[in-house]
1. Could you check segment 144-190 and list, in sequence order, the residues that are without any contact (Cβ under 8 Å) to a residue 40 or more places away in the chain and touching a strand residue (DSSP E or B) at 6+ places or on another chain (Cβ under 6 Å)?
2. Let me spell it out: the conditions are (1) modelled with pLDDT of 85 or more; (2) touching a helix residue (DSSP H, G or I) at 6+ places or on another chain (Cβ under 9 Å), and Phe227 meets all of them except one. Which number is the exception?
3. Taking segment 131-174 as the search range and keeping residues that are closer than 19 Å to Trp32 by Cα, in a loop (DSSP other than H, G, I, E, B) and polar (S, T, N, Q), which one is modelled with the lowest pLDDT?
4. What's the number of the condition Val140 fails, among (1) over 42 Å from the mean Cα position of the chain (by Cα); (2) surrounded by fewer than 21 Cβ atoms within 10 Å (Cβ to Cβ)?
5. Output yes when any residue across segment 253-263 is closer than 24 Å to Ile191 by Cβ, aliphatic (A, V, I, L, M) and modelled with pLDDT under 80, and no when none is.
6. Can you tell me which residue within segment 1-53, out of those that are small (Gly, Ala, Ser) and under 21 Å from Ala181 (Cα atoms), is surrounded by the fewest Cβ atoms within 10 Å (Cβ to Cβ)?
7. Go through Phe22, Phe115, Phe111 for me and flag whichever is assigned to a helix (DSSP H, G or I), out of contact with any helix residue (DSSP H, G or I) (no Cβ under 8 Å at 6 or more places or on another chain) and either hydrophobic (A, V, I, L, M, F, W, C) or modelled with pLDDT of 70 or more (or both).
8. What are the pairs, 6+ residues apart or on separate chains, where a residue within segment 73-92 that is surrounded by 12 or more Cβ atoms within 10 Å (Cβ to Cβ) has its Cβ under 6 Å from a residue that is among the charged types (D, E, K, R) and not in a loop (DSSP other than H, G, I, E, B)?
Amino acid sequence: MFDFILYPVSAILWFWHKIFGFVLGPDNGFAWALSVFFLVFSLRVVLLKPAISQMRAGRKMQKFAPQIQKLREKHKNDRQRMAQEMQKLQSEHGVNPLGGCLPALLQIPVFLSLFTVLRDFKPGAPSNYIFDADGVRSFVEADIFGAKLSNWIVQSDQELALFGTTRTDMIMVGVPLMIIASVATFFSMRISMKRQTEAAMANPQTAMMGKLMMYIAPVGAIVSGPFLPIAVLLYWMANNFWTLGQAHFLTNKIDREEQKAKEAEIAAKKEAPRPKPGQKPTAKQSQAVVQSPDSNGTETATAEKTGGGAQSKSANGQRAGGRPGGKKTQSKNRPGKQAASAKKGQRKRR
């Protein structure tokens, strides 16, 4: 049913074994281990472009994370409307939410295919997908410090003896590989958590699930390790080491791209046409000045108001309205004061 995946996976493994087998020997266990490593690297190179798209989409989502948070608060009681608005917002910014899951989803059938191919390496088998009888025999006889690559720790003693190994040898090689795979899984999950957006981590459920997965996944490597072939543990370890290196490489790459974009934007603003000193600004520039006056404009208006007030004064210091600016030179006509002066003059005559 899954032959369209099994044959390509076995073909990639066969190709790398031909190369490393030529150098180290076809029955050498390290030649087969390196073949498994480079099987992982080959598949991850194919998935490199989707991984870059995933990281770029994550950076875009960080930019409009506040809008996402507002939509969640606005439509928290209407999940259907919130999903529609989120899809519309993601479409406007050119973000595909499924793009982030693509690399992880594509690795699942590859992992299952590798497990199936390794499980079918059995003593005396005439073939195993693209491998012929000699390829099957070479893999069955290959070992790393006595542990066979196609066997796992919890197999029965009869099956282990059939392959020419013991449980002690399997434990001595399998347990260190399980520990290394678990540690690599922890750090890869930790890096994945750091790449999460602030809006996503603001959600208590998302933050809690992320922290749980950061510790559950490494424990899963320890628990499931005894049930997996040694070659699958090698695949798991190589896959997590690739994830660590890829995260560091892609993060630096995206950071450089964003820095170049900012520098280009700043350069474009500097190269924008501006009026020369003494040149009359265009209509758009005049309109911009009117719409957003600065302190100079306020001072100019104040100066014009002051100048207008100064012009309203006359040359001899009189204010507007004809009143003199200095002391009063004309006495007002007051009848009461004239009557008092007349009475005082009559008293003096007497």
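1. Thr165, Asp169
2. (2) is the only condition that Phe227 fails.
3. Among those residues, the one meeting the criterion is Ser150.
4. All conditions pass for Val140, except number (2).
5. yes
6. So the first thing to find is which residues in segment 1-53 are small (Gly, Ala, Ser), and the list is 10-11, 21, 25, 29, 31, 33, 35, 42, 51, 53.
Checking which are under 21 Å from Ala181 (Cα atoms) leaves us with 29, 31, 33, 35, 42.
Values: Gly29: 22, Ala31: 21, Ala33: 20, Ser35: 24, Ser42: 14.
Per the stated criteria, the residue is Ser42.
7. Result of the check over Phe22, Phe115, Phe111: Phe22.
8. Close Cβ pairs (under 6 Å, with a partner that is among the charged types (D, E, K, R) and not in a loop (DSSP other than H, G, I, E, B)) amount to His75/Arg81.
The values are calculated or read from the model by the stated rules, or taken from the named source; none is laboratory data. Because the structure is predicted, anything quoted here is derived from the model rather than measured. Quick reminder, even Gly has a Cβ in these numbers, built from the backbone with ideal geometry, and neighbours come from all protein chains shown.
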